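The values are calculated or read from the model by the stated rules, or taken from the named source; none is laboratory data. These numbers come from a predicted model, not from an experiment. Glycine gets a Cβ as well: all are built from the backbone with ideal geometry, and neighbour counts include every protein chain shown. Ligands, DNA and RNA are stripped out before the accessible areas are found, and what is left, the full protein with its side chains, is counted by its heavy atoms. Shrake-Rupley method; radii C 1.70, N 1.55, O 1.52, S 1.80 Å.
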Amino acid sequence: MFKSDGINYDNVKPKSNLLSSKKINFHDKKDLIKNVKREKSIRFSKKSNLIFFLLCISFSLFISFNILKVTYKKEINPSAVHAKITINRGKILDRNNEIIATSIDTNDLYVDIKKSLDKEKLKNFLSEIFEDKESAFFERIFNKEQYSLVKKDISPTELNKLKSVGDPAIKLHESKKRVYPQHNIFSNLIGLKTNELMSKIEKNMNKELVEGKNLKLTVDLRIQNIVREELYKSLIEYRAKAALAVVMNVKSGEIFSMVSLPDFNPNYPKSILPKTENNLNTEARYEMGSTLKIFNAAMVYESESEIQFNEFDISDGYQITNEKHILDDHIDKKILNFDDVFVKSSNIGSVKILESFGPNKQKLFFKKVGLTENLNITGLKVVSNKLPINWESHSKFISYGYGLSLSPISLITAFSSLVNGGFKIQPSLIKNRINKKEVKVFSSKTSKRINELIHKIVMDGTGKKAQVKGLLIGGKTGTSKKVEKGNYSEEKKITSFIGVFPANSPEFLTFVLFDEPQKNVANSKETTGGNTAAPTFSKIVKKISPIITKDNYSRN
């Protein structure tokens, strides 16, 4: 300590060297200054933690609120949601964009009985408007006093009458109706679509249609109308049970027309009669008779067999089984050359040609042309061909058109390969689903000789009535007896004609078939393919050929 005049300075002792003095720290017992600083730090930390806690709570509440909002969102009118997300069903169009099927806006009538101003008056009024409804129907819904459907798809006339009623019980719901502007013309091909059922293309292509995609077909409204009109006239004239016809491009496989009679009007589903909804071209099978004989010729040409230079004696008939002896009573000649077998349609000659090949080669040949395979066509259901269990025992019958049952579209497809240069085709109905892959199954030479032979059949043989002035026609007639109670009937027959034009280089094929025709154009006792299907073919081709050859369908 510093001393001066005997006085002591407590607590502070100055150093003699002032320059070396240090900072002086003042303390008290309770460290008051230090405690004050500590408290300030604590208060700041508490405030920071509180703010952070409040931010976390706020964020958590915000998240929870939005979750609850989504979970317990206020109910929205289902019809309003439906109106926003509904996609109109796609249209079905022909190759030239003519409408075959489309959907239109319509109204369904409901009644909310409890809101009616005068129930008895409303009931009587509705009974007058909807005369097709039985009185018991209105008694029932008015007694229940519930929200009830009266009628779907009300007409404009009915709508106008309802608007004049002025009763709040009347409720109109916007709806859609599928309509078919061409009525019966495409019915067995397109089918129909209602709230209760779907069929044919409407059913098989439903996935694309419900997505709002338009479906463009290969068919042509003009050709379809002509084919149906001529086929219907012949159906009535021949008093046939049923009839069918197809027009197809033998090179591309495009189907231009497919008609099956009887048919129906898809705009009136309740009026559809049993069996009228069947598409006989794809859903029925027939023993095709003499149209199959031409495959014997193709087998000979393709193998370059010497049998094409042989002659065939048909004078004594042919004992095909112990019980079955066949004759060619319709042929005057006793000795036939190879071409005569087909021009005059000889059953005996066909069997003798088959004998030189045997059943195994015949079966392999039929497999080659696709007659033993299941045919698939986009948009259509195709029945499989019915083949014999024992091919060997049936092969002679098959040689002249019996022993196996084929769908018409299957026969047409195989026949196309014989005349189009030897290429296997895939029939198509949807415009953008055409199979352009070429698979060669026969030589061009075989195809050329087949075309020469079938032209000769039309010019000099059983197909004379298929001729069309100004066109080279080639084709083959077919007549087969129907099975009735396990035996072949002498009265009930299937008659057909399959033909192509122009015969020197075929582009188009037309097939016509009648089920149980009772009359024919020749007024003869025998109804055959030559005097029923062949003349109908001629009438059809005469009218459609100018359309096809002029347009040539090169446009999309």
Need one value: the accessible area of V165 in square angstrom, 1.4 angstrom probe, rounded to the nearest 10.
40
Using +1 at the Cβ of each Lys and Arg and -1 at the Cβ of each Asp and Glu in the chain, identify which of S290, S443, S155 lies farthest towards the dipole's positive end.
S155
Around S305, under 14 Å between beta carbons, what's the net of Lys plus Arg minus Asp minus Glu among the other residues?
0
On average over all directions, what projected area in square nanometres does the range 238-355 have, based on the convex hull of its Cα atoms?
11.6
What angle, in degrees between 0 and 90 and rounded to the nearest 10, separates the Cα long axis of helix 359-369 from the longest principal axis of the Cα atoms of the chain?
50
Residue-count net charge about E283 - beta-carbon cut-off 14 Å; Lys, Arg +1, Asp, Glu -1
+3
Which loop-located GluC sites (Glu not before Pro) does the range 298-376 contain, where loop means any DSSP state but H, G, I, E or B and the Cβ has at most 15 other Cβ atoms within 10 Å?
E304, E323, E373
The chain: angle of helix 408-419 to the longest principal axis, Cα-based, in degrees nearest 10
70
Can you tell me, using C-alpha contacts under 8 Å and at least 6 residues apart, the relative contact order of the range 97-244 as a whole percent?
29
Give a quick list of trypsin sites (Lys or Arg not before Pro) in the range 112-160 that DSSP marks as loop, anything other than H, G, I, E or B, with at most 15 other Cβ atoms within 10 Å.
K133, K152
From most to least accessible, 1.4 Å probe, no ligand or DNA/RNA atoms counted, T549, T536 line up as T549, T536
Using the Kirkwood radius over Cα pairs, work out the Stokes-Einstein diffusion coefficient for the range 432-556 at 25 °C and 0.890 mPa s, in µm²/s as a whole number.
154
Using 0.36 nm per residue of separation minus the Cα-Cα distance, give me the extension gain between D132 and Q518 in nm, one decimal.
135.0 nm
Would you work out the relative contact order for the chain, in percent, from Cα pairs under 8 angstrom that are 6 or more residues apart?
13
With equal scatterers on the alpha carbons only and no solvent term, can you work out the Debye log10 of I(q)/I(0) for the range 457-512 at 0.16, 0.30 1/Å?
-0.55, -1.16
Can you tell me the length gained on complete extension of the stretch R43 to S393, counting 0.36 nm per residue apart and subtracting the Cα distance?
115.1 nm
Distance from the range 367-414 to the range 418-485 (C-alpha centre basis), Å:
16
Compute the relative contact order of the range 100-178 as a whole-number percentage, counting only Cα pairs closer than 8 Å that sit 6 or more residues apart in sequence.
60
Directionally averaged projected area (convex hull, Cα atoms, the range 339-390), nm²
5.3
Ignoring any ligand, DNA or RNA, what whole percent of the accessible area of the chain comes from carbon and sulfur when the probe is 1.4 angstrom?
52
Hey, what's the chain come to in accessible area per residue, 1.4 Å probe, Å²?
56
Using the alpha-carbon centroid of each, what span in Å lies between the range 234-296 and the range 159-214?
26
Quick check on the chain: what does the Kirkwood estimate of hydrodynamic radius come out to from the alpha carbon pairs, in Å?
29.7
Over all pairs of distinct alpha carbons, what does the Kirkwood formula give as the hydrodynamic radius of the range 114-185, in Å?
13.7
Output the 0 to 90 degree angle, nearest 10, between the alpha-carbon long axis of helix 119-129 and the longest principal axis computed from the alpha carbons of the chain.
40
For q values of 0.13, 0.17, 0.18, 0.22 Å⁻¹, compute log₁₀ I(q)/I(0) with the Debye formula on a Cα-only model of the range 485-556, without solvent.
-0.49, -0.71, -0.76, -0.95
Please report the Cα spread of the range 224-552 along all three principal axes, rounded to whole Å, starting with the longest.
57, 43, 42
Exceeding 24 Å between C-alpha atoms, which entries from my cross-link table qualify? They are K344/K448; K144/K270; K436/K542; K361/K436; K368/K445; K396/K448.
K144/K270; K436/K542; K361/K436; K396/K448
Neighbourhood charge, 13 Å Cβ-Cβ cut-off, centred on N374 and excluding it, Lys, Arg +1 and Asp, Glu -1
+3
In the range 135-207, which GluC sites (Glu not before Pro) fall in coil by DSSP and have 11 or fewer other Cβ atoms within 10 Å?
E196
A correct Kirkwood calculation over the Cα atoms of the range 89-216 returns a hydrodynamic radius in Å of 16.7
